[in-house]
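First comes the structure, then the notes that go with it.
Derivation of every value follows stated rules applied to the coordinates shown; laboratory data play no part. Only a predicted model underlies this, so the values are computations on that prediction, with no experimental measurement involved. With ideal geometry, Cβ positions are generated from the backbone for all residues, glycine too; neighbour counts draw on all protein chains shown.
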Amino acid sequence: MTELEHYIASYFGIDQSDELNKVSSLFKLTSLKKGDYFLKEGKWCDQFCFIQTGILRVFTMPYDKEITQWITTKGYFGTDFSSFFFETPSRWNIQALVDVELYTISKEDYRKIGELAPNWNELEKTFIIKCFAILEDRVFSFLSMSAEERYHYFFEHNKELFNQVPLQYIASMLGMTPETFSRIRKKK
């Protein structure tokens, strides 16, 4: 079983090898160089991706201020869900922070999964609920934790990112200024 197939099985619950092979065959391996964009704000997102290696940053720049929404790494799926599913202009830029290898699936091929996996509607619903639960946890942390608590929680669960990602991006994702982030980091 390839790494992509392993993640499709674990995220979506497709465990029959014939279905899994057919679904994974719809994904195409591609690469981005550091600084390349997977998606630019204002464009329609017509791809869904799985990160094989590397790091992508999801961000926007309203009022000439960069805001990092998410940093995603190896073993995770990524897209602008609103743009991909509702065919609206993207609110987000998705950019490679390092060289990235990813498997992409087009919107057209994504629609074919329902034909290949008979219980796809239920599996997709479970995946989207998992994504929603992650976002709920993130909102809860912003509402219930101090900046210092958010820093420590993120650090404990993502130590490797602190050596791979510019710290101002992590600060932005955690909802704090680089100065606050630096002050908390010095305390540690």
* To do: Pick out, from Gly75, Cys45, Phe86, the residue whose Cα sits farthest towards the positive end of the charge dipole of region 29-102, with +1 on the Cβ of Lys and Arg and -1 on the Cβ of Asp and Glu.
  => Gly75
* Select from Ala147, Ala133, Ala117 the residue whose mean-square fluctuation is largest in a Gaussian network model of the chain (Cα-Cα springs shorter than 10 Å). => Ala133
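Please sort by residue number the trypsin sites (Lys or Arg not before Pro) in region 1-110 whose DSSP state is loop and whose Cβ has at most 11 other Cβ atoms within 10 Å.
Sparse-neighbourhood loop trypsin sites (Lys or Arg not before Pro): Lys33, Lys65.
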* Roughly how many Å is it from the Cα centre of region 63-94 to that of region 139-175, as a whole number? -> 18 Å
